[in-house]
1. Restricting to the range A:134-154, what's the tally of residues that are under 18 Å from the mean Cα position of the chain (by Cα) and within 10 Å of chain B (Cβ to nearest Cβ)?
2. Quick one: in the range B:10-28, which of the residues that are among the acidic types (Asp, Glu) and farther than 22 Å from B:Val212 by Cβ is surrounded by the fewest Cβ atoms within 10 Å (Cβ to Cβ)?
3. Just a yes or no: is a residue in the range A:312-330 within 21 Å of A:Asp226 (Cα to Cα), in contact (Cβ under 8 Å) with a residue 60 or more places away in the chain and buried (at least 20 other Cβ atoms within 10 Å of the Cβ)?
4. Among strands (runs of 3 or more DSSP E) lying entirely in the range A:332-439, which contain 2 or more residues that are charged (D, E, K, R)?
5. Quick check: is even one residue across the range B:191-209 out of contact with any Phe, Trp or Tyr (no Cβ under 8 Å at 6 or more places or on another chain) and β-branched (Val, Ile, Thr)?
6. Go through the residues of the range A:113-120 one by one and say whether even a single one is free of Cβ contacts under 8 Å to residues at least 24 places away in the same chain, more than 30 Å from A:Arg24 (Cβ to Cβ) and assigned to a loop (DSSP other than H, G, I, E, B).
7. Under 8 Å between Cβ atoms, which residue pairs at least 6 apart in sequence (or on different chains) link something in the range A:122-148 that is assigned to a strand (DSSP E or B) with a partner that is basic (Lys, Arg)?
8. What's the total number of residues in the range A:29-53 that are assigned to a loop (DSSP other than H, G, I, E, B) and surrounded by 21 or more Cβ atoms within 10 Å (Cβ to Cβ)?
Number of protein chains: 2
Amino acid sequence: MRLSRFFLPILKENPKEAEIVSHRLMLRAGMMRQEAAGIYAWLPLGFRVLKKIEQIVREEQDRAGALELLMPTLQLADLWRESGRYDAYGPEMLRISDRHKRELLYGPTNEEMITEIFRAYVKSYRNLPLNLYHIQWKFRDEQRPRFGVMRGREFLMKDAYSFDIDEAAARRSYNRMFVAYLRTFARMGLKAIPMRAETGPIGGDLSHEFIVLAETGESGVFCNSDVLNLPIPPDDVDYDGDLTPIIKQWTSVYAATEDVHDAARYEREVPADKRVNTRGIEVGQIFYFGTKYSDAMKALVAGPNGVDVPIHGGSYGVGVSRLVGAIIEACHDDAGIKWPEAVAPFTAVILNLKQGDAAVDGACEKLYRELQAKGVDVLYDDTDQRAGAKFAAADLIGIPWQILVGPKGLAEGKLEVKQRSDGSRENLSPAEVVAKIAG
Amino acid sequence: MRLSRFFLPILKENPKEAEIVSHRLMLRAGMMRQEAAGIYAWLPLGFRVLKKIEQIVREEQDRAGALELLMPTLQLADLWRESGRYDAYGPEMLRISDRHKRELLYGPTNEEMITEIFRAYVKSYRNLPLNLYHIQWKFRDEQRPRFGVMRGREFLMKDAYSFDIDEAAARRSYNRMFVAYLRTFARMGLKAIPMRAETGPIGGDLSHEFIVLAETGESGVFCNSDVLNLPIPPDDVDYDGDLTPIIKQWTSVYAATEDVHDAARYEREVPADKRVNTRGIEVGQIFYFGTKYSDAMKALVAGPNGVDVPIHGGSYGVGVSRLVGAIIEACHDDAGIKWPEAVAPFTAVILNLKQGDAAVDGACEKLYRELQAKGVDVLYDDTDQRAGAKFAAADLIGIPWQILVGPKGLAEGKLEVKQRSDGSRENLSPAEVVAKIAG
């Protein structure tokens, strides 16, 4: 993408409404724009990050055997009356009346609707286990939306729902999602630690939150530093096999948010030199809630003995739009964002340091074409801004690889490559640059 | 994908609420489920088609130089008061009040919001032309939603918006979208004919609808049969070049919906043996509306002489979810859907005609792995249904290539390949099957 043809409205000033760094940087980097309290438009740079995150989430759900579908944003109020949550949900639910005065709502989550879909079609244990997910916009009418996409009202969530014949099978489904989440967040370049959690309005008695460590996080976190170095399950983890050793490994090391922190156990189990007390951001949560919805909504299947039984369910959320903010909270410095490569809006940016100089323009164009031909997502800053402004913009928007092309280096056949993550610099020939970035 | 692990709730009965063939087939094939009047959940099979259509639309928008962003589904009522459309829009607009009694609405289209975004950042003609698009759910509260996804209330639309310094430049932007639309629909295997159209509530004085011919279509269509054989602009069409010859070629041949049909001109210009009078379905519409929104909403840029002028705008819609229905209307027979390969939920389906027979199971597994390794989207019917039921299901869901694997053929080293589009059959070795389908 040529920057001269891109839409990247960078702000020079720090927006005063932004209280946290991710909100400030997303506004400054031209990633998004507030359209109403807690409701954002994703500008092209932010949209690219959102899509990359969404795609990683999708691939790992698919790998774990979940099936994607797509439920609508609006739901019938009557569906929520069946589960008893219509009145219980409170003012965070956006209630809507259509032209015929039918009561609708903007879905804040989908346990009811997926249970209704399930019970319409699935009648036998032989069709289980089943895990259905979607990635769709949700709405929660927060009393005080703030922190940008970290606590918006309209937000993108991946929510999966598992259906099993009994608790043992449901726990296997739960474990599959647990492992999928470890892989999902690791692929985004994050350290996300599973922590035992309260179940809240979803219900049930088993839940884990996945918490990204960031000093600016919303909750206090206590953990054993060993948990930071546990191995992530590999690409070819066998989701049909026994996952309990992985789960045990991750849940036996102490890690808890302040809500459920057990100070006595922490001091007993964690050696003093391994105690980490920091802050974190929730980016996903998984629940096993048993028959809570299947009892209320009569989602029954015939068991092996022919008798109808309510299915055992779980639900599994990832905050897709929230992750954009969470990654920035975990990956930034004073100059701007430092995207992990897997979620970066572009992998590399070419900075033409003397636009209009035939040799420099030619070298940039050639490099741009070669990187594109290798499938690299590359941005080419071909604007007539001065070099200093190009450096600042590249640091701000956080592209992992900056390639500086100027007359001096070119005279020696060299380009300068700067890695945004650690600021390291190298002088390389154009061919070496292509090999390094596309390799 | 193994069918035994997929979620494909095929209905045996014809659903009585479905008045048209696409609605009936989408319900029967387990593609979607109605959640409220005009509001659908996309089940996994339907979701796969929706995503393939969306991706073709995206690729052709990108190719034409449009930039993708994503605006939220909910908008502030005040934004629509600026343009004067809040009151004008009528009962089709879903109006919402949040917990603080702020007036919101579920966006039926985005001219106002994109104009607000544009004016916030773009101040000079030097940043033009600009074309921004998104693919997002919209809501129109139809008095009588029907025909399934063809006239739903919650629907997925691609809408692009162009910004130019004057009418001449705006017409060039219009032409780019015109050409992109020709390519988009052709890639989906459709004959979509551009026809001069009325502008309606969007405003302006220049508009074309793109109409897919189908005998079950919603509007009458009159055209010269020559228009059916015009060449589609190629992959490498130069969007920076002069597109007027392509536009002239497509607009000089008579083609009109009954709304704007000129019987006298039709009879004068079209030889009797080339007159086609059929029906069609609108799948896209493009508009040039000049300064209608930029005047009302003060979207001004400094021109070359330093004087602020209102930008000239256009908007360009594609009914992404509607296309799923439109393609079925154009591509089906009595047995079910006949997906064009580019939008098919799976490219091929392997029918195991004797599940449990070691040789047949082994041959199916091997073929399944080989096709997957070649990147073919393949469904493997590994259920214990009898052969007749597998044939009927494969015809119903419309996968382009059916591969029949049974003991008799295998004894001779052959599989049978049936092409869904024309019913033709061939006996081929497994290696030939892979070469034919993956080739």
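1. 7
2. B:Glu13
3. Within the range A:312-330 (the criterion being within 21 Å of A:Asp226 (Cα to Cα), in contact (Cβ under 8 Å) with a residue 60 or more places away in the chain and buried (at least 20 other Cβ atoms within 10 Å of the Cβ)), the answer is yes, since at least one residue qualifies.
4. Output list reads A:415-419, A:425-428.
5. Checked the range B:191-209: no residue is out of contact with any Phe, Trp or Tyr (no Cβ under 8 Å at 6 or more places or on another chain) and β-branched (Val, Ile, Thr).
6. No: the range A:113-120 contains no residue that is free of Cβ contacts under 8 Å to residues at least 24 places away in the same chain, more than 30 Å from A:Arg24 (Cβ to Cβ) and assigned to a loop (DSSP other than H, G, I, E, B).
7. As it stands, the answer is A:Asn131/A:Arg176; A:Tyr133/A:Lys158; A:His134/A:Lys158; A:Ile135/A:Arg58; A:Ile135/A:Lys158; A:Phe139/A:Arg153, since those pairs meet every condition given.
8. Residues meeting the conditions: 5.
The values are calculated or read from the model by the stated rules, or taken from the named source; none is laboratory data. This is a predicted model, so every value here is computed, not measured. Cβ atoms come from the backbone with ideal geometry, glycine included; neighbour counts cover every protein chain shown.
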